[in-house]
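The values are calculated or read from the model by the stated rules, or taken from the named source; none is laboratory data. As the structure is a prediction and not an experimental result, all values here were calculated from the model. So basically every Cβ, Gly included, is an ideal-geometry build from the backbone, and we count neighbours across all protein chains shown. Only protein heavy atoms, including side chains, enter the accessible area calculation; ligands, DNA and RNA are left aside. Shrake-Rupley method; radii C 1.70, N 1.55, O 1.52, S 1.80 Å.
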Amino acid sequence: MVLKVAPPVWLFDLDNTLHDASPHIFPHLNRAMVAYIRDHLGVDEQAATRLRQDYWQRYGATLLGLMRHHGTDPHHFLRHTHQFPDLKHMLVLERGLKAMLLRLPGRKFVFSNAPLSYSEAVLELAGIETCFDAVYSVERIRFQPKPAVGGFRYLLRSERLHAHRCIMVEDSLANLQTAKRLGMTTVWVSGSTRQPPWVDLRLVSVLDLPRHLQRL
């Protein structure tokens with residue numbers, strides 16, 4: 001008797017994994033977050049910039065630092081910092097993204113520290129919203145952003161998934177380190193030449209995934 005191997009479950013990060021957020025979206029977000037911190041905490045531009053960077057480095061998300069240290073309302077923060085009147089022209093996408101996703105066997109989820117409204121807008125503009133079973137945004141994981149383990153565990157419990165069946169596709173090494181500790185297979189989307197021990201596969205482009213399935 002031949003035993004059937006269950007297909008994997010794919011957990012995709014969004015920004016700088018499924019699209020390139022560095023040219024336009026991240027600079028816009030950085031400016032918006034610095035302005036928010038400046039206006040709502042009453043500090044100058046330099047102090048606001050330092051706080052944003054410090055909280056991002058310490059917690060993986062500026063929002064978490066603001067919630068922990070200043071009692072910031074997360075919904076208010078996300079609403080004011082993720083306004084993109086021209087999102088369509090800010091997106092940088094690779095051709096063939098949808099075709100690549102359709103070639104991958106198994107269920108697929110978006111797992112992002114971004115808010116739901118932004119995530120859904122990006123997926124719709126990219127034409128790949130139907131490729132995913134669900135979107136786990138920062139609100140849905142109860143404001144426990146990656147790399148904190150709480151968000152990972154919430155997703156696994158909600159979907160009744162075993163970590164060893166999951167393949168995490170990410171641009172962030174810190175997030176992949178948490179995924180690996182939980183038992184997931186890890187794919188790092190990066191142009192770097194190094195490969196830390198908690199990375200199972202490094203790809204320059206997410207489009208290369210189907211060609212390397214046998215290595216996962």
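Odds and ends about this structure:
- Number of positions in the stretch 105-133 that are in a helix (DSSP H, G or I), of a type outside the set (Gly, Ala, Ser), in contact with a strand residue (DSSP E or B) (Cβ under 8 Å, 6 or more places away or on another chain) and open to solvent by less than 10 Å² (accessible area, probe 1.4 Å): 2
- Residue in the stretch 16-54 that is nearest to residue 102 (Cα to Cα), counting only those that are within 17 Å of the chain's Cα centre (by Cα) and open to solvent by less than 20 Å² (accessible area, probe 1.4 Å): 18
- From the options 205, 190, 119, residue that is touching a Leu at 6+ places or on another chain (Cβ under 7 Å) and either of a type outside the set (Lys, Arg) or within 19 Å of residue 61 (Cβ to Cβ) (or both): 119
- Verdict on residue 193 being β-branched (Val, Ile, Thr), open to solvent by 20 Å² or more (accessible area, probe 1.4 Å) and more than 17 Å from the chain's Cα centre (by Cα): yes
- Of all the listed residues (11, 64), the sole one being assigned to a helix (DSSP H, G or I) and open to solvent by less than 40 Å² (accessible area, probe 1.4 Å) is 64.
- The set of residues in the stretch 176-216 being among the hydroxyl-bearing types (Ser, Thr, Tyr) and either out of contact with any Lys or Arg (no Cβ under 9 Å at 6 or more places or on another chain) or not in a loop (DSSP other than H, G, I, E, B) (or both) consists of 178, 185, 186, 205.
- Answer residue from the stretch 76-102, given it is among the basic types (Lys, Arg) and part of a helix (DSSP H, G or I) and is nearest to residue 10 (Cα to Cα) among those: 98
- Condition met for residue 137 (open to solvent by less than 20 Å² (accessible area, probe 1.4 Å), touching a strand residue (DSSP E or B) at 6+ places or on another chain (Cβ under 7 Å), under 21 Å from residue 101 (Cβ atoms) and polar (S, T, N, Q)): no
- Of the numbered criteria (1) modelled with pLDDT under 95; (2) at negative phi, the one residue 60 fails is (2).
Okay, residues lined up against (1) closer than 16 Å to residue 209 by Cβ; (2) open to solvent by less than 20 Å² (accessible area, probe 1.4 Å):
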{"site": "87", "(1), (2)": "no, yes"}
{"site": "92", "(1), (2)": "no, no"}
{"site": "95", "(1), (2)": "yes, no"}
{"site": "158", "(1), (2)": "no, no"}
{"site": "163", "(1), (2)": "no, yes"}
{"site": "170", "(1), (2)": "yes, yes"}
{"site": "174", "(1), (2)": "no, no"}
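- Within the stretch 23-60, the set of residues being in contact (Cβ under 8 Å) with a residue 60 or more places away in the chain and farther than 19 Å from residue 85 by Cβ comprises 59, 60.
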